[in-house]
Structure formats: structure tokens, C-alpha cells
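The values are calculated or read from the model by the stated rules, or taken from the named source; none is laboratory data. Since this is a predicted model, take the numbers as computed values, not measurements. In this analysis, Cβ positions are derived from the backbone assuming ideal geometry, glycine residues included, and neighbour counts consider all displayed protein chains.
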Amino acid sequence: MDGPQAGDPGVVGSFGVLGRLGEGGMGRVFLGVSPGGRKVAIKVVHWQLARDPEFRRRFAREVEAARRVGGFHTALVVDADPDADLPWMATAFVAGPSLSVAVAEGGPLGEAGVRGLGVALAEGLAAIHSCGLVHRDLKPSNVIVADDGPRIIDFGIAKGTGGTSLTGSHVLIGTLRYMSPEQLGGGEATAASDVFALGAVLAYAATGHDPFGAPDLAVIAQILHDPPDLEPLAGDLRAIIAGCLAKDPAARPSTTDLLTRLRSPHLPGEPGGQPPLRSQPPTRRRSSRRRWRTAAVAAVATAAVALATVLAVVLPGTHPAASDPAATHPAATHPAISHPASANSASSRSLGSHPASAKLAATLVATIADPSPPDPATGVTEVSSVAFGPGGILAIGDGTNHIYLGDTATGHVARTLTDPSHNGFDSEAFGPGGIFAAGDNGGNVYLWNTATWRLTVTLTVPPVDNLTSWVDAVAFAPDGTLAVGAGRGFDTSAGSVSYYRTYLWDTATRRITATFTPPGFGGLTDTEINSVAFGPGGVLAIGVDSNTTFLWNTATRRITATLTLTNPPGGGIGCPAVFGPGSALATCDSQEDAYLWDTATRHKIALLATPLTGQGANNVAFGPGGILAVGDGNGSTYLWDTATQRIAATLPDPSGQSVDAVAFGPGGMFATGDANGNAYLWTITYPRS
């Protein structure tokens with residue numbers, strides 16, 4: 001679970017919100033607590049979908065479907081309000097990891113474990129089908145491994161056998177690598193489609209890899225035409241799973257058949273059997289999961305590996321399995337993570353094992369090389385931004401006409417977005433409801449649908465005096481409002497002079513609803529807006545390159561505070577401002593120091609001075625538990641514990657280059673981008689409380 005994020009509700013219905021469990025195409029899922037102290041999982045629908053009356057009706061039917069199935073095989077519905085401004089549903093919180101996490105941490109299950117899992121899931125599907133429903137999205141992340149047996153969760157795209165879908169055509173209707181051939185071919189989803197998904201889930205549990213593992217959209221052709229990869233399975237269990245994965249729905253076994261065929265003389269829980277599948281991590285086994293890599297990755301590391309980490313259970317995508325760290329990460333192939341005692345010494349860039357006393361453990365698990373050619377002037381490609389999106393996607397920006405979408409499960413670049421006007425991208429952000437925005441140096445903001453990756457909207461900054469326009473920063477509010485920091489200007493012999501504005505855009509109507517002009521910068525100026533970020537209570541932080549961040553109330557259109565950097569005077573803002581837990585805000589100056597502010601009191605909480613100075617802090621990002629990452633020009637990323645104001649870990653850049661981008665992802669994922677054209681994926685293990 002991640003801590004509360006900017007814009008997250010404090011209360012939903014009668015439930016208090018403790019933190020965020022994940023986010024998907026339909027909405028966000030929070031961990032909540034009832035007035036009596038019972039934990040619940042709360043799904044809150046995205047605002048774009050909440051405005052659709054037909055979706056509201058279908059969401060109400062999702063609630064009804066989950067209630068009909070009951071809590072024996074699924075999570076019990078505790079309360080719901082389909083008529084709320086943002087419809088929500090609360091279910092009993094099922095303690096335990098998802099199956100994807102259990103396999104990633106412990107390796108493939110033994111035969112008895114797979115058979116026991118199969119019986120439990122077949123029984124659950126039989127109960128779902130008996131209620132006249134088809135689940136349509138059974139996958140490892142939708143199976144919770146509880147102490148008393150697996151639970152099937154998420155009826156967000158369930159379908160009535162009478163033909164009534166519980167989602168609209170604008171919502172992703174499944175996870176590609178677990179969808180049946182008939183679903184991919186546009187046919188009707190039936191109970192046999194769920195059996196196909198069950199076969200894929202059991203194959204993953206038994207082997208540690210997906211039976212259809214092609215990257216991106218290539219998996220569709222693989223499912224439609226190729227046999228499944230079931231190695232190293234053999235014997236009767238292989239035959240059962242292969243039968244579930246038959247291309248012809250009529251050739252697949254029924255759930256009743258599976259209940260009979262999967263049972264063995266020594267099922268978990270029976271005399272002579274293995275212990276039942278439980279939420280505690282099993283003894284670690286090593287997986288033979290296939291590892292993907294590119295030629296560019298091979299140039300900077302001895303091996304690129306699949307990301308062995310956890311995706312939030314509501315996010316669609318693939319499910320990495322555990323791998324052998326000793327086999328895939330020799331000590332000489334990735335840098336150690338140093339603790340505060342060595343953070344200011346040369347050993348912070350040394351190779352070797354992690355210090356036993358480190359507060360945070362971090363492992364470099366994959367490298368995604370930026371495919372753009374080097375800049376002719378500098379000879380390098382700079383990764384200037386990284387951002388995590390739905391489905392394990394990492395957006396990689398480098399200031400060119402391209403944004404690369406890396407698949408964190410394979411280490412490949414899965415897709416490339418190209419600036420239609422060829423002006424060069426300069427800012428990007430993921431928004432709620434499956435939107436991705438990118439601003440360019442021609443004054444345009446392009447919006448893509450992350451389910452289809454189709455360009456849907458183009459917004460253009462209003463012209464001023466026929467000057468050239470550009471977009472320096474974009475950010476989404478929780479309700480989908482888009483903030484755009486833009487400038488217009490021209491070059492003179494004395495430098496550039498410009499007009500700067502921040503616009504609030506309603507992306508549904510494509511209209512500007514408000515305009516903010518930094519005080520004192522209404523006319524020509526040599527400053528610029530370098531960041532926009534939404535915080536709690538409708539506050540927008542607007543950073544300008546003159547030591548100043550303005551807090552602007554978007555409802556009253558008034559400035560509520562002006563935060564000024566004072567160390568050193570005139571040093572300038574070094575990175576975009578970001579909001580953290582509660583009312584915390586972080587930014588940094590051009591001399592290496594990070595600043596923490598309390599936006600509620602308008603006071604500076606702390607100045608976090610990193611050990612090495614002179615190259616500037618380039619980016620900051622908040623992670624779980626109030627951890628603040630600061631990437632700097634000296635080639636290091638510092639992970640600060642903001643509670644103690646101490647460095648918890650130092651991540652040296654593997655290429656020894658300036659760290660120009662940092663971002664936290666779900667399930668312990670963390671990404672850095674450097675001036676050598678690489679995005680690095682790390683897993684961070686946080687201390688258990």
C-alpha cells in the first residue's frame with residue numbers, strides 16, 4: 001500500500017481512508033477502515049466515468065454482481081453508493097498478497113499447490129457462473145491468496161450471460177495476455193472464456209511465466225495462432241492446463257470437469273498433502289522466467305532482467321516472476337546502495353553488496369535505453385523525465401519529438417509517441433481515467449488514451465502578439481483538470497524575453513477555465529514557469545525560475561502563499577515542485593539542496609542538504625512513507641527519510657552521469673533517468689513496521 005497522495009479523499013462514506021492500494025482504468029482503490037475498526041478495500045470510480053449515466057448503471061450492476069456471488073469465493077461487499085458524485089464500493093479487506101506477488105516472491109508453486117489453487121478457483125468460477133455472470137478478467141493480480149484460501153476479486157468488467165456487459169465500450173475489457181481467442185476475435189465472452197483465463201493463471205502459477213508472453217500487441221497473434229508455452233510442465237497437470245487453453249471454447253473442460261480432474265490423493269489440507277496456499281511468502285524458489293533485453297541494454301549491463309516486483313492488484317498488465325539475483329545480478333553488474341555513513345564518500349559509487357545496516361534496500365533490475373540518437377552538439381541523449389502509468393508502463397522523455405513507453409515487465413520500449421508538429425516534447429503527465437498528456441515546444445498539448453494509445457485531443461496555447469509559444473509543464477488534478485504552464489517569446493541579443501501564463505483546461509470541453517499570471521511577470525520577462533503541481537484543497541503550486549513557488553487556490557483564483565528559496569540567494573529553482581503526504585511540498589535549488597514546506601502553515605519545514613554540492617538538484621519525487629528522492633548532477637539519487645531528515649539510501653547512477661529524472665511506481669518500483677540516455681528500474685524494499 002502507498003500512503004495517501006495529493007487529491008486522495010480522507011473519508012469515503014463512513015470509512016476513513018488509510019492509503020492507496022492501486023489505480024486502474026475504472027478507478028482508484030483505497031485501504032479504508034470502518035468506524036468499528038474493520039479494514040475494507042474501497043473502489044472509487046474515476047470522475048470521467050462518473051459523468052456517464054450509462055456507466056453509473058453498469059457500476060450499480062457490478063455492485064449487484066459482487067453481492068450475488070457473496071463472500072465465500074470473493075471479497076464480501078460491505079457498502080456501496082453508486083449514486084455518489086464519485087460512485088464507490090467497499091468490500092471486506094482480504095489480507096494476503098495477490099497470486100502475482102506470491103509467485104514473484106516465492107517462485108512457481110509445486111504440483112500439489114497448483115492443483116489446490118486450481119480447485120479453489122474452479123469452485124469460485126462455478127459460483128460466479130451459477131449467478132449468471134462471466135468474470136472476464138481473471139488473472140494473477142485478481143486472485144488474493146488469503147489464509148483460508150484464494151479469493152477472486154474485481155468484477156469491474158463482468159458480463160451477464162444474458163448479454164449485458166457491466167462496462168461501456170470506452171473501458172478496457174480485459175488484460176490481453178489472459179483473454180481468450182474468442183474475446184480477442186470480437187466474439188462473446190462465456191464461461192469457457194473464464195476457463196481459458198484460469199488455464200493461463202494456473203500456467204503462470206506452475207511455471208512462473210505467462211503461457212503467452214509476447215510483448216505488447218504481439219501477444220494477440222500468439223494467443224490466436226500459437227500453442228501455449230507450458231515448459232517445464234509435464235504429465236497430467238500439463239494436459240489439464242493445455243485443455244483449458246484450447247483455441248476452441250467447446251474443447252475446454254467445464255469447471256465441474258476441472259474440480260474432478262484437478263483433485264489428487266494429496267491435495268493441500270488433506271492427509272499426506274502439503275500445507276495449503278497461504279498469504280505468508282513460501283520458501284523462495286528460483287524461476288526460469290524468460291528475460292527480455294535490447295542490444296542497447298547489453299551495452300551497459302551484462303544482462304537486462306524482467307522486473308521482479310509487484311504491480312498494484314488493480315492495474316492491468318503482466319506479472320513478473322522471481323529470478324535468481326545471484327545468476328542475473330552478479331556483484332559487478334550493479335552498484336551498491338550506500339547508507340548515510342558513506343553517502344559523502346567515494347564508496348557511494350562502489351560495486352558490491354548492500355550494507356547490512358542500510359535503512360532501505362534497493363536493487364537495480366533493468367535498464368531501458370533511450371532509442372533516440374545522441375544530440376549532435378553534446379554527443380549524448382538525455383533522459384529528462386520518467387513517469388509511471390497504468391499497466392506497468394514507464395513514459396520516458398528526452399526532449400526530442402518522441403516519448404518512449406517502456407514495458408517494466410520486459411525491459412523493452414513497447415511503443416513510441418511522436419509529436420505531430422515535430423516541435424519537440426518538453427513535458428508530460430499521466431492523468432486520471434487513462435489520459436496521458438504531453439506538451440511541446442510549439443505551444444501544443446496532446447492527449448492520448450492509454451488503453452488504445454490513440455491521440456484523442458490537441459490543445460493549443462492562446463496566441464499573444466504572434467510570438468512563438470511553448471509548453472514547459474503539465475499536471476492533472478484528481479478531477480481531470482489540466483494545468484498547463486506555457487510561455488511565448490523570442491530571442492534577442494541579450495537573451496530570451498517572454499510572456500508566461502498558467503492555464504487551467506477542462507479536457508472534456510477543451511476550454512480554458514482560468515488563467516494565472518505570476519505577479520510581476522505580466523509583461524516581458526526573462527523568467528519562466530518550470531513546474532505546475534496540484535495539491536490538496538484545490539491548491540496549484542506554480543514554480544517560476546526566480547526562487548519562487550506560488551500557491552494558487554484554483555477555486556478563488558487567489559494566491560494563498562509565496563514560497564521563496566533563500567539558500568543560496570539568487571541560486572534559482574533547480575527542479576519542479578511536488579506534493580507529498582498531507583500538506584507537504586518539496587522543491588530544490590540549483591545548488592543541490594531540497595526544501596520541504598508545509599503548505600497548510602506556509603512555513604519551511606526543513607532544508608535537506610545533500611553531501612555533494614555544485615551540480616544542482618535536478619528532480620524530486622515523493623514515495624511511500626514520506627521518502628523523498630532527490631536526483632542530482634553529481635550522479636547520485638538520494639532517498640531522504642523526511643521524518644528524520646536523514647538520508648536512508650544513496651543510489652549511484654550506473655553510468656556515473658547526472659540523474660535528471662526520478663519517479664516512484666507501484667509495488668516498490670522506482671525509476672531514474674540520466675544524461676547518458678538510460679532509464680533505470682529499481683526495486684526498493686522498505687523496512688517493515
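Would it be correct to say that Ala483 is farther than 25 Å from Thr416 by Cβ, part of a strand (DSSP E or B) and among the hydrophobic types (A, V, I, L, M, F, W, C)?
Working: farther than 25 Å from Thr416 by Cβ: yes; part of a strand (DSSP E or B): yes; among the hydrophobic types (A, V, I, L, M, F, W, C): yes.
Yes.
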Which one is nearest to Phe388 (Cα to Cα) among residues in the range 31-64 that are of a type in the set (A, V, I, L, M, F, W, C) and without any contact (Cβ under 8 Å) to a residue 40 or more places away in the chain? Ala50
State all residues of the range 188-206 that are assigned to a helix (DSSP H, G or I) and among the hydrophobic types (A, V, I, L, M, F, W, C); if no residue qualifies, say none. Ala191, Ala192, Val195, Phe196, Ala197, Leu198, Ala200, Val201, Leu202, Ala203, Ala205, Ala206
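So which of Val103, Val114 is part of a helix (DSSP H, G or I) and in contact with a Gly (Cβ under 7 Å, 6 or more places away or on another chain)?
Numbers: Val114 fails: in contact with a Gly (Cβ under 7 Å, 6 or more places away or on another chain).
After ruling out the rest, the residue left standing is Val103.
Would you check if Ala126 is at pLDDT 85 or above and either in the same structural domain as Phe59 (by TED's automatic domain parsing) or in contact with a strand residue (DSSP E or B) (Cβ under 9 Å, 6 or more places away or on another chain) (or both)? Walk me through how you get there before you give the answer.
Numbers: at pLDDT 85 or above: yes; either in the same structural domain as Phe59 (by TED's automatic domain parsing) or in contact with a strand residue (DSSP E or B) (Cβ under 9 Å, 6 or more places away or on another chain) (or both): no.
Spelling it out, it is not the case that Ala126 is at pLDDT 85 or above and either in the same structural domain as Phe59 (by TED's automatic domain parsing) or in contact with a strand residue (DSSP E or B) (Cβ under 9 Å, 6 or more places away or on another chain) (or both).
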Of the residues in the range 409-426, those that are among the polar types (S, T, N, Q) and either more than 16 Å from the chain's Cα centre (by Cα) or modelled with pLDDT of 90 or more (or both) come to Thr416, Thr418, Ser421, Asn423
Note on the range 416-429: residues buried (at least 24 other Cβ atoms within 10 Å of the Cβ) and within 23 Å of Gly27 (Cβ to Cβ) are Glu428
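Quick one: which strands (runs of 3 or more DSSP E) sit completely within the range 597-689 and have at least 3 residues that are crowded, with 21+ Cβ neighbours inside 10 Å and touching a residue at least 60 places away in the same chain (Cβ under 8 Å)?
On the way: elements: 603-609, 617-622, 627-632, 636-641, 646-652, 659-664, 669-674, 678-685.
Those strands (runs of 3 or more DSSP E) span 636-641, 646-652, 659-664, 669-674, 678-685.
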Counting only residues in the range 152-187 that are in a loop (DSSP other than H, G, I, E, B), hydroxyl-bearing (Ser, Thr, Tyr) and modelled with pLDDT under 75, the one surrounded by the fewest Cβ atoms within 10 Å (Cβ to Cβ) is identified as Ser169
Among the residues of the range 392-415, what is the count of those that are surrounded by fewer than 23 Cβ atoms within 10 Å (Cβ to Cβ) and outside any strand (DSSP E or B)? 3
Quick one: Arg67 ticks every box in (1) touching a residue at least 24 places away in the same chain (Cβ under 8 Å); (2) surrounded by 17 or more Cβ atoms within 10 Å (Cβ to Cβ); (3) not hydrophobic (A, V, I, L, M, F, W, C); (4) not in a strand (DSSP E or B) except a single one, so which number is it? (1)
Taking the range 486-535 and keeping residues surrounded by fewer than 16 Cβ atoms within 10 Å (Cβ to Cβ), at pLDDT 70 or above and touching an Asp or Glu at 6+ places or on another chain (Cβ under 7 Å) leaves Thr513
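Name the one entry in Arg20, Arg28 that is surrounded by 24 or more Cβ atoms within 10 Å (Cβ to Cβ), under 23 Å from Gly389 (Cα atoms) and not assigned by TED's automatic domain parsing to the domain that holds Asp154.
Answer to the check: Arg28.
Return the residues of the range 451-460 that are at pLDDT 90 or above, more than 13 Å from Arg510 (Cβ to Cβ) and either aliphatic (A, V, I, L, M) or touching a Phe, Trp or Tyr at 6+ places or on another chain (Cβ under 6 Å) (or both); say none if nothing qualifies. Please lay out each step first, then the result.
First, the residues of the range 451-460 that are at pLDDT 90 or above: 453-460.
After this cut, where a residue has to be more than 13 Å from Arg510 (Cβ to Cβ) as well, the list is 453-455.
Of everything in the range 451-460, just one residue is at pLDDT 90 or above, more than 13 Å from Arg510 (Cβ to Cβ) and either aliphatic (A, V, I, L, M) or touching a Phe, Trp or Tyr at 6+ places or on another chain (Cβ under 6 Å) (or both), namely Leu455.
Quick check on Leu49: is it modelled with pLDDT under 85, not in a loop (DSSP other than H, G, I, E, B) and not aromatic (Phe, Trp, Tyr)? Lay out the reasoning, then the answer.
Working: modelled with pLDDT under 85: yes; not in a loop (DSSP other than H, G, I, E, B): yes; not aromatic (Phe, Trp, Tyr): yes.
Criteria met by Leu49.
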